[in-house]
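Structure record follows, encoded as structure tokens.
The values are calculated or read from the model by the stated rules, or taken from the named source; none is laboratory data. Because the structure is predicted, anything quoted here is derived from the model rather than measured. Ideal geometry is used to build each Cβ from the backbone, glycine not excepted, and the neighbour counts take in all protein chains shown. To get the accessible areas, we keep the full protein, side chains included, count just its heavy atoms, and leave off ligands, DNA and RNA. Shrake-Rupley method; radii C 1.70, N 1.55, O 1.52, S 1.80 Å.
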Amino acid sequence: MLLVEDNDDLAETIIDRLRSEGHSIDRESNGDQANSLLRHAQFDIVLLDINLPGRSGYEVLRSMRARDDQTPVIILTARSQIDDRVSGLDAGADDYMVKPVDFRELSARCRVLARRKAGNASNVFTAGDLVFDRGAKRATVRGQDAELRAREIQLLEILIGNLGRMLTKEEVADKLYSFDEAPSLNAVEQIVARLRKKLEGTPLVVKTARGLGYMAYVAEE
């Protein structure tokens with residue numbers, strides 16, 4: 001995720017909350033810098049304030065949509081008037097929340113957009129005897145807790161959201177880690193190996209294509 005918010009205290013609180021739920025999140029505090037970053041970096045969701053230094057959140061959003069960037073955007077703002085909400089939605093926002101936000105609701109709305117992007121209507125993904133609940137951040141295999149670590153849960157969400165699509169190691173690393181964590185590709189390989197072992201015997205296959213990356217798919221039973 002990318003959070004674009006110039007209030008340091010609020011930004012820190014949001015980041016701490018979302019990271020505690022296993023999300024990788026980066027932050028920009030300036031509209032111009034956010035706009036520049038979004039031109040060359042891909043995110044799954046953008047949380048966007050409106051009143052920003054540099055350029056407004058509306059301008060950042062319009063710029064995204066003008067170049068056909070369809071990344072889901074949730075506007076977070078203190079502006080509560082109906083006209084402001086209409087302006088944000090008409091500019092291309094997918095959702096709109098008025099500060100102060102309830103963090104449980106923010107997390108739920110992020111899950112909705114993630115499901116929508118992946119083409120899923122439910123928080124629960126099922127493939128044979130594998131059941132993964134995005135809301136609870138818990139996977140079971142044959143009714144038993146798969147005991148996934150935080151990074152493994154993140155990886156499972158990424159793979160489920162991109163079934164049938166080849167993801168490079170760099171793409172996976174970008175989605176797993178924020179910019180300031182600077183992971184090695186070897187760390188990504190280790191997480192994939194651990195997850196694959198814990199999913200053994202389920203129809204969800206994580207295929208490694210040497211020199212290309214990873215692709216997950218559900219094998220026919």
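Per-structure values
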read-out	value
Members of the range 1-54 that are among the β-branched types (V, I, T), free of Cβ contacts under 8 Å to residues at least 40 places away in the same chain and outside any helix (DSSP H, G or I)	I50
Residue check for V131: surrounded by fewer than 19 Cβ atoms within 10 Å (Cβ to Cβ), assigned to a helix (DSSP H, G or I) and free of Cβ contacts under 8 Å to residues at least 60 places away in the same chain	no
Condition broken by D26, with the remaining ones in (1) crowded, with 17+ Cβ neighbours inside 10 Å; (2) modelled with pLDDT under 90; (3) under 12 Å from the mean Cα position of the chain (by Cα) satisfied	(2)
Residue selected from the range 188-221 under the condition in contact (Cβ under 8 Å) with a residue 12 or more places away in the chain and small (G, A, S), by the criterion nearest to D174 (Cα to Cα)	G213
The one condition in (1) modelled with pLDDT under 90; (2) buried (at least 17 other Cβ atoms within 10 Å of the Cβ); (3) in contact with a Phe, Trp or Tyr (Cβ under 8 Å, 6 or more places away or on another chain) that G164 fails to fulfil	(2)
Test: residue in the range 161-174 that is assigned to a helix (DSSP H, G or I) and of a type in the set (A, V, I, L, M)	yes
Selected residue [among the hydrophobic types (A, V, I, L, M, F, W, C) and within 17 Å of V46 (Cα to Cα)] from L113, L130	L113
Identity of the residue in the range 55-93, hydroxyl-bearing (S, T, Y) and in a loop (DSSP other than H, G, I, E, B), that ends up nearest to E105 (Cα to Cα)	S80
Close pairs (7 angstrom Cβ cut-off, 6 or more residues apart or separate chains): within 17 Å of V112 (Cα to Cα) in the range 149-173, open to solvent by 20 Å² or more (accessible area, probe 1.4 Å) and small (G, A, S) anywhere	I160/A118; G161/A114; G161/A118
Answer from E152, E189, E200, E157 - the residue that is of a type outside the set (G, A, S) and either over 21 Å from the mean Cα position of the chain (by Cα) or assigned to a strand (DSSP E or B) (or both)	E200
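Here's the yes/no breakdown for (1) over 30 Å from A219 (Cα atoms); (2) modelled with pLDDT under 90; (3) among the charged types (D, E, K, R):
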position	(1), (2), (3)
E105	yes, no, yes
S122	no, yes, no
A136	no, yes, no
R142	no, no, yes
D145	no, no, yes
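This table checks each residue for (1) modelled with pLDDT of 90 or more; (2) out of contact with any Pro (no Cβ under 8 Å at 6 or more places or on another chain); (3) open to solvent by less than 60 Å² (accessible area, probe 1.4 Å); (4) closer than 20 Å to N7 by Cβ.
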position	(1), (2), (3), (4)
I45	yes, no, yes, yes
D49	yes, yes, yes, yes
G57	yes, yes, yes, yes
R65	yes, yes, yes, no
T71	yes, yes, yes, no
I82	no, yes, no, no
S87	no, yes, yes, no
Y96	yes, yes, yes, yes
V101	no, yes, yes, yes
